[in-house]
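The values are calculated or read from the model by the stated rules, or taken from the named source; none is laboratory data. The model shown is predicted, which means the values in this text are computed figures rather than measured ones. Cβ atoms come from the backbone with ideal geometry, glycine included; neighbour counts cover every protein chain shown.
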Amino acid sequence: MKVLFLILLFCSAALFAFSQKDTLPNFTAKKKDGVITISWINSFKNPSQVNIQRSKDSNRNFITIHSSPSPTAKNYSYADKTAKNDSGYYRIFILFEGTNYIFTKAKRAFEDSVKTTGRQTNDKPDTDISATGPAGIKNKDNKNDIKIPPPVNTQPIKKAWEPSVYIFTGDDGNVEIDLPDAAQKKYSITFFREEGRPIFFIQQVKEPKLTLDKATFLKSGWYYFELKEEGKVKERNKFLITRDN
């Protein structure tokens with residue numbers, strides 16, 4: 001009977017934790033004890049890349065702070081311990097097999113007000129095994145804690161590709177150039193074919209928003225660009241032109 005009770009208790013706790021996460025493209029961002037945890041339930045089939053991005057203003061300047069090593073994982077969590085304050089916004093970038101990708105809506109972390117009840121002890125809280133890895137696992141049946149060190153990752157970390165916020169393919173397949181301060185600064189852009197051959201050059205972008213018809217690029221495929229601000233390289237990236245957009 002005691003064993004059955006423990007099984008039911010464990011299942012209830014697991015279901016409660018599972019229900020606290022939103023399903024992609026929605027996600028959960030909670031702040032507790034100064035740590036912001038990003039989590040989600042994945043219902044997409046075979047995403048090839050899932051990145052967590054953070055910004056100070058929710059509209060621009062998102063940077064990738066974490067790339068999931070298991071993009072197909074159904075239940076995922078990541079603790080952002082690098083956030084200096086709670087003013088940041090988060091979003092998820094999802095790249096599917098092939099070349100399609102989406103961004104989730106940006107959101108701020110909310111304060112987790114759930115408090116544990118029961119008698120207080122001097123024991124340290126159990127460590128949650130999440131994307132950050134276990135720092136230690138407590139054995140409650142013994143007086144002494146058993147510390148298990150996290151695994152050492154000896155593989156080099158590859159930077160995951162993410163589309164530019166300045167030059168990118170729009171929903172209609174045309175190339176969008178978004179430079180809000182173009183009137184105050186001098187921006188120039190060089191476009192290249194995938195093999196590196198230059199196609200054309202824009203000496204100065206004078207409009208904050210500019211659209212280039214995809215027909216300008218003649219055929220589908222990946223195209224690279226070099227964006228310069230006041231003569232200095234601001235970004236090198238690529239975008240995709242497809243025929244069926």
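Filter the range 188-225 for residues that are within 22 Å of Y101 (Cα to Cα) and in contact with a Ser or Thr (Cβ under 7 Å, 6 or more places away or on another chain); which is surrounded by the fewest Cβ atoms within 10 Å (Cβ to Cβ)? So the residue we want is S220.
Out of everything in the range 159-181 that is without any contact (Cβ under 8 Å) to a residue 40 or more places away in the chain and outside any loop (DSSP other than H, G, I, E, B), what residue ends up being surrounded by the most Cβ atoms within 10 Å (Cβ to Cβ)? Checked the range 159-181; the qualifying residue surrounded by the most Cβ atoms within 10 Å (Cβ to Cβ) is I177. In the range 54-75 there is no residue matching the filter, namely being over 26 Å from S164 (Cα atoms), outside any strand (DSSP E or B) and modelled with pLDDT under 75. Quick check, is F239 in a strand (DSSP E or B), in contact with a helix residue (DSSP H, G or I) (Cβ under 9 Å, 6 or more places away or on another chain) and surrounded by 12 or more Cβ atoms within 10 Å (Cβ to Cβ)? When the stated conditions are applied, F239 does not pass them. Residue count for the range 154-171, restricted to those that are modelled with pLDDT of 75 or more and over 21 Å from F192 (Cα atoms): 1. Among the residues making up the range 191-211, those that are closer than 19 Å to E229 by Cβ and within 28 Å of the chain's Cα centre (by Cα) are F191, F192, P208, K209, L210.
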